[in-house]
Each structure stands twice: as C-alpha cells, then as structure tokens.
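One structure is given below, encoded as structure tokens.
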Amino acid sequence: MSDTPPDRLSIDPASPFFNEALLERGIGIRFNGVEKNNVEEYSVSEGWVRVAAGKSLDRHGKPLTMRLKGTVEAYFRDTAQP
C-alpha cells in the first residue's frame, strides 16, 4: 500500500468508494484544521466531507448526512507495515 490515502473514501459498504482494507488501517481527517472523528465520506480534491446530521435516520435506517465544504486533509493514523 502507498503512504498517501485515496482522494475519496466512504465508510458505507454500498458506496463505490468503500475500501475495507484502507479503513482497517485507519484514516484520519482534518477538516479546516480541526480533527474530525464523525466523517462518513470525504473528497480531498473537491474539498468536502459528509457527516451525520444529528440522530436523524432516513427511511432505510441510515443516518441523514450533510456535506460541509472546506479544506480537507486525509492521513493514515498508523505507519505502513512492510
């Protein structure tokens, strides 16, 4: 694996941007200089994160999300294993 996280990643298994191996390794997100732990999906190149909007659920039982725009920095929480 490379030492740079992907440009876009999602924690939803139904998403085409879901990657279980990368999520197990641990991805950290800094949004506008603040560490975020509740990010559902992010895009570094487009500059947005998707976070849960409270405790509201949609009709399928998934949390409602809202997209926030700003500066996104993604990084691996641990170092690469040789």
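The values are calculated or read from the model by the stated rules, or taken from the named source; none is laboratory data. If you're wondering where the values come from, they're calculated on a predicted model, not measured in any experiment. No Cβ is skipped: glycine too gets one built from the backbone with ideal geometry, and neighbour counts run over all protein chains shown. These accessible areas exclude ligands, DNA and RNA; they are computed on the full protein's heavy atoms, side chains included. Shrake-Rupley method; radii C 1.70, N 1.55, O 1.52, S 1.80 Å.
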Quiz item: How many residues, within the stretch 8-21, are open to solvent by 70 Å² or more (accessible area, probe 1.4 Å) and touching a residue at least 24 places away in the same chain (Cβ under 8 Å)?
Solution: 2
Practice problem: Report whether or not residue 47 is within 16 Å of residue 67 (Cβ to Cβ), out of contact with any helix residue (DSSP H, G or I) (no Cβ under 6 Å at 6 or more places or on another chain) and free of Cβ contacts under 8 Å to residues at least 12 places away in the same chain. | Solution: no
Exercise. Return the residue satisfying two criteria in turn: it lies in the stretch 22-44 and is among the hydrophobic types (A, V, I, L, M, F, W, C) and open to solvent by 50 Å² or more (accessible area, probe 1.4 Å), and of such residues it is nearest to residue 62 (Cα to Cα).
Key: 23
Practice problem: Could you check how many residues of the stretch 45-62 are of a type outside the set (Asp, Glu), open to solvent by 30 Å² or more (accessible area, probe 1.4 Å) and within 24 Å of residue 3 (Cβ to Cβ)? | Solution: 1
Self-check item: Selection within the stretch 63-74 - open to solvent by 60 Å² or more (accessible area, probe 1.4 Å) and within 19 Å of residue 19 (Cβ to Cβ)
Solution: 73
